[in-house]
Amino acid sequence: MGDVKITGMDEVVSTLKKFAPRVQANGLRAAVYAGSKVIADEAKRMAHVKTGTLKRAIIVTRDRKISTGPVQGMKITVRQGKKYRKVSEKTGKNLSQDAYYAKWVEFGTKASPGRKPRKKKSGIWTKGKRAKRGGNAAYPFMSPAFERKKMAAIDAVKERLKKAVEDASNQG
């Protein structure tokens, strides 16, 4: 989808580097999460679904592959592939949070080619059982959310970084 790199924050980052590595990592992680949450909330708002499962399944997780020390990364993703469950506070029923179909909503589906003609035992060619049909239209929600809210996300990161520096300097 896209990466955002913030420049011009040299003063805040250099001040943050004066503190212990754990304080640095926690401050950066909180800042990146704050920016990611802005985009995730917009994606939830833009999800074109009736049931709410897709909206519940949009989450922000830490990207452990790139999150080391002074570099912190978050992923905005959709839970899928497992049966995630959450109990509803109102009804007490289990609500599925497994939105395996998210990619079909975001990108649409291709047209089904149908089956190839086949030859009957009598030697006559027939059409396949399934008729050719068009795919479903795409209703993107992640990409537009990123494009709409990337500047607001940068502002949220900046504000959270400033707060992290203030909190760290008040403690130490």
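Confirm whether I58 is out of contact with any Asp or Glu (no Cβ under 8 Å at 6 or more places or on another chain), of a type in the set (V, I, T) and at pLDDT 80 or above.
Working: out of contact with any Asp or Glu (no Cβ under 8 Å at 6 or more places or on another chain): yes; of a type in the set (V, I, T): yes; at pLDDT 80 or above: yes.
Answer is yes for this residue.
Could you tell me how many of the residues in segment 11-55 are of a type in the set (D, E, K, R), within 23 Å of A137 (Cβ to Cβ) and modelled with pLDDT of 85 or more?
The first filter runs over segment 11-55 and keeps only residues of a type in the set (D, E, K, R), leaving 11, 17-18, 22, 29, 37, 41-42, 44-45, 50, 55.
From the residues that got through so far, the ones that are within 23 Å of A137 (Cβ to Cβ) too are 42, 44-45, 50, 55.
Now narrow it down to the ones that are modelled with pLDDT of 85 or more: 42, 44-45, 55.
The qualifying residues number 4.
Do we have any residue at all in segment 127-135 that's loosely packed, with under 13 Cβ neighbours inside 10 Å and modelled with pLDDT of 55 or more?
Our first condition is that a residue be loosely packed, with under 13 Cβ neighbours inside 10 Å; within segment 127-135, this holds for 127-135.
Pick out the ones that are also modelled with pLDDT of 55 or more and you get 134-135.
The answer is yes; a qualifying residue exists.
Please verify whether V105 is at pLDDT 70 or above, of a type in the set (A, V, I, L, M, F, W, C), in contact with a strand residue (DSSP E or B) (Cβ under 7 Å, 6 or more places away or on another chain) and surrounded by 12 or more Cβ atoms within 10 Å (Cβ to Cβ), treating the condition exactly as stated.
no
Scan segment 155-172 for residues that are surrounded by 14 or more Cβ atoms within 10 Å (Cβ to Cβ), small (G, A, S) and under 14 Å from F19 (Cβ atoms) and jot them down.
Result: A164, A168.
The values are calculated or read from the model by the stated rules, or taken from the named source; none is laboratory data. Note that the coordinates shown come from a computational prediction; the quantities given were computed from them, not determined experimentally. No Cβ is skipped: glycine too gets one built from the backbone with ideal geometry, and neighbour counts run over all protein chains shown.
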